[in-house]
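Undergrad: This structure is in structure tokens; I'll ask about it shortly.
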Amino acid sequence: MGAKFQRALVSEMVGYDAVPGKRTSSRVDPAQIHIGPKTLFERAARTDDAPHWTPDESAARRDDKDRAVLVGKEGKPSEANHDNIAPTIAEGGYTVSKVRQTTVLSLAALRRLRFPLGGPADSDPAVDQAARVALTALGLAAATLGREEGADLRSRCQLFPTEAFVWHLLDAPGQAPKAYALDGAGAAALLEDAVAEARALGLPWEGDIALAPHPDLVRLVRKSQEQAAHRATGDA
């Protein structure tokens with residue numbers, strides 16, 4: 001069934017005072033084309049410097065009944081990215097007063113992990129501790145650097161922090177949490193030091209990993225794109 005590990009890092013954003021919104025969309029044709037359906041036909045003779053459509057019915061591709069094939073369902077200019085698109089209003093989006101991001105790194109989950117270098121029963125507490133520290137530093141770096149890059153969740157949803165990113169360490173029961181500030185440079189340096197210590201104890205760390213697709217995957221993607229292009233131009 002494969003190895004399974006408990007999630008140790010969780011980050012979520014919660015919006016307050018959410019109000020459902022409306023989403024509008026429309027388009028004004030810069031060419032000012034205003035004609036009805038059954039206007040555009042699929043071009044029979046394809047060339048690289050000509051569009052796939054033609055308003056000339058005599059130059060259109062014919063079906064098995066010798067009828068001119070329309071572009072799309074009705075031969076409208078909008079099927080060829082022309083003509084105006086009437087404004088529409090639909091449900092979509094929310095407006096919130098603020099967003100709070102909470103990131104939790106569970107040290108309890110990391111303490112359950114063991115890193116035997118010689119075999120299942122060969123577990124060195126020093127090695128285990130170094131590995132846990134490296135994973136902790138990796139989680140801190142991921143959360144800190146990701147936040148500094150900015151929360152650009154999607155179009156028109158750019159979140160900007162109004163407060164510094166602060167970590168609170170829940171150390172011992174009955175004690176107040178300890179606050180720590182960590183910036184991107186500090187998180188990167190912490191990770192480098194933790195990885196160096198782990199490597200010194202014999203733990204493997206690959207560092208930069210170059211990923212390359214398998215040739216079969218490349219051929220599959222190319223074939224899919226070619227079929228999509230043929231369908232778009234009516235060749236398939």
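Undergrad: Of everything in the range 23-50, what is over 15 Å from Ala80 (Cα atoms), in a strand (DSSP E or B) and either open to solvent by 70 Å² or more (accessible area, probe 1.4 Å) or at pLDDT 75 or above (or both)? Give them in sequence order.
TA: To start, the set of residues in the range 23-50 that are over 15 Å from Ala80 (Cα atoms) comprises 23-26, 44-49.
Filter once more, so that each one left must be in a strand (DSSP E or B): 23-26.
Passing the criteria: Arg23, Thr24, Ser26.
Undergrad: Which residue out of Leu153, Leu117 is closer than 15 Å to Leu203 by Cβ, surrounded by fewer than 16 Cβ atoms within 10 Å (Cβ to Cβ) and in contact with a Leu (Cβ under 9 Å, 6 or more places away or on another chain)? Explain how you work it out, then say what you get.
TA: Working: Leu153 fails: closer than 15 Å to Leu203 by Cβ.
Just one listed residue meets the conditions, Leu117.
Undergrad: For the range 58-75, check the following and say yes or no: at least one residue is at pLDDT 75 or above, farther than 30 Å from Phe165 by Cα, touching a Pro at 6+ places or on another chain (Cβ under 6 Å) and of a type outside the set (Asp, Glu).
TA: Scanning the range 58-75, I find at least one residue that is at pLDDT 75 or above, farther than 30 Å from Phe165 by Cα, touching a Pro at 6+ places or on another chain (Cβ under 6 Å) and of a type outside the set (Asp, Glu), so the answer is yes.
Undergrad: Related question: Could you list, in sequence order, all residues of the range 184-222 that are at pLDDT 85 or above, surrounded by 11 or more Cβ atoms within 10 Å (Cβ to Cβ) and within 24 Å of the chain's Cα centre (by Cα)?
TA: Gly184, Ala187, Ala188 - these are the residues of the range 184-222 that are at pLDDT 85 or above, surrounded by 11 or more Cβ atoms within 10 Å (Cβ to Cβ) and within 24 Å of the chain's Cα centre (by Cα).
Undergrad: Could you please tell me which pairs satisfy a Cβ distance under 9 Å, a separation of 6+ or placement on different chains, a first residue in the range 37-58 that is in contact (Cβ under 8 Å) with a residue 60 or more places away in the chain, and a second residue that is outside any loop (DSSP other than H, G, I, E, B) and open to solvent by 70 Å² or more (accessible area, probe 1.4 Å)?
TA: Final answer for the pair search is His52/Ala232.
Undergrad: Return a yes/no flag: does the range 81-98 have any residue that is of a type in the set (A, V, I, L, M, F, W, C) and either without any contact (Cβ under 8 Å) to a residue 40 or more places away in the chain or under 20 Å from Val10 (Cβ atoms) (or both).
TA: First, pick out the residues of the range 81-98 that are of a type in the set (A, V, I, L, M, F, W, C): 85-86, 89-90, 96.
Of the ones still in play, those that are also either without any contact (Cβ under 8 Å) to a residue 40 or more places away in the chain or under 20 Å from Val10 (Cβ atoms) (or both) are none.
Looking for residues that are of a type in the set (A, V, I, L, M, F, W, C) and either without any contact (Cβ under 8 Å) to a residue 40 or more places away in the chain or under 20 Å from Val10 (Cβ atoms) (or both), one finds none in the range 81-98, hence no.
Undergrad: Okay, next question. Condition first: farther than 27 Å from Arg27 by Cα and not in a loop (DSSP other than H, G, I, E, B). Now tell me which residues in the range 58-80 satisfy that.
TA: Let us first name the residues in the range 58-80 that are farther than 27 Å from Arg27 by Cα, namely 58-68.
Scanning the range 58-80 gives Ser58, Ala59, Ala60, Arg62, Ala68.
Undergrad: Could you figure out which of (1) open to solvent by 90 Å² or more (accessible area, probe 1.4 Å); (2) free of Cβ contacts under 8 Å to residues at least 12 places away in the same chain isn't true of Ala229?
TA: (1)
Undergrad: Here's another thing I want to ask about it. Test of understanding: among Leu105, Leu145, Leu170, which residue is open to solvent by 70 Å² or more (accessible area, probe 1.4 Å) and in contact with a Gly (Cβ under 6 Å, 6 or more places away or on another chain)?
TA: On the way: Leu105 fails: open to solvent by 70 Å² or more (accessible area, probe 1.4 Å); Leu170 fails: in contact with a Gly (Cβ under 6 Å, 6 or more places away or on another chain).
Every option except Leu145 fails the conditions.
Undergrad: Please go through the range 1-22 and pick out each residue that is polar (S, T, N, Q) and modelled with pLDDT under 90.
TA: Narrowing the range 1-22 to residues polar (S, T, N, Q): 6, 11.
Answer for the range 1-22, where residues must be polar (S, T, N, Q) and modelled with pLDDT under 90: just Gln6.
Undergrad: So, one more: Filter the range 120-144 down to the residues that are at pLDDT below 90 and more than 20 Å from Ala200 (Cβ to Cβ) and list them by number.
TA: Pro120, Ala121
Undergrad: Let me ask something else about it. What is the one condition in (1) assigned to a loop (DSSP other than H, G, I, E, B); (2) of a type in the set (Phe, Trp, Tyr); (3) out of contact with any Asp or Glu (no Cβ under 7 Å at 6 or more places or on another chain) that Tyr94 does not satisfy?
TA: (1)
Undergrad: Which members of the range 130-176 meet the condition of being part of a loop (DSSP other than H, G, I, E, B), of a type in the set (S, T, N, Q) and within 17 Å of Thr102 (Cβ to Cβ)?
TA: The one that is part of a loop (DSSP other than H, G, I, E, B), of a type in the set (S, T, N, Q) and within 17 Å of Thr102 (Cβ to Cβ): Thr162.
The values are calculated or read from the model by the stated rules, or taken from the named source; none is laboratory data. This one's a predicted model, so the numbers in the text were calculated from it and none came from an experiment. Heads up, the Cβs are rebuilt from the backbone with ideal geometry, glycines too, and the neighbour counts pull from every protein chain shown. Note: areas computed on protein heavy atoms with side chains; ligands, DNA, RNA excluded. Shrake-Rupley method; radii C 1.70, N 1.55, O 1.52, S 1.80 Å.
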